[in-house]
1. How far, in degrees from 0 to 90, does helix 2-69 lean away from the longest principal axis of the Cα atoms of the chain, to the nearest 10?
2. Select from 32, 41, 19 the residue whose mean-square fluctuation is largest in a Gaussian network model of the chain (Cα-Cα springs shorter than 10 Å).
3. Let me have the 222 nm mean residue ellipticity of the chain computed from DSSP H runs of 4+ only, each contributing -39500 (n - 2.57), with the sum over all residues rounded to the nearest 500.
4. Can you give the charge dipole size of the chain about its Cα centre, rounded to the nearest 20 debye, using +1 on the beta carbon of Lys and Arg and -1 on the beta carbon of Asp and Glu?
5. Can you give me the Rg/Rh ratio for the chain, using Cα atoms for both radii and the Kirkwood formula for Rh?
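Readers should treat all values here as calculations from the given coordinates under stated rules, not as data from a laboratory. Since the model is a prediction, treat every value here as computed from it, not as a measurement. As a convention, Cβ positions derive from the backbone with ideal geometry for all residues, glycine included, and neighbour counts pool all protein chains shown.
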Amino acid sequence: MLEPIITASCSLASALLVAVMNNSLIKYRLDALEKRMDKHASMDDRLIRIETEVNGLSQQVKELERRSET
């Protein structure tokens, strides 16, 4: 009678240990993914700023070219 209880207890402990380890791994991977997403968002913001500056500079060059033609 005692042997099935011990076996069930060991199985339960193993299952809980695996669940905790998987949870830790998932948390670690989610944290890493969040960091990569933050970097991506930062790059996206910088790209938008650069595109805006390039458009402004392009317009200035076109204006200067137009002025130099007249």
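1. The angle comes out near 0 degrees.
2. Highest fluctuation among the options: 19.
3. Working: 1 runs with 68 residues, N = 70.
That calculation yields -37000 deg cm²/dmol at 222 nm.
4. Numbers: 10 positive and 11 negative charges, 15 e Å.
That gives the chain a dipole magnitude of about 80 debye.
5. Details: Rg = 30.1 Å, Rh = 17.7 Å.
Here the Rg-to-Rh quotient is 1.70.
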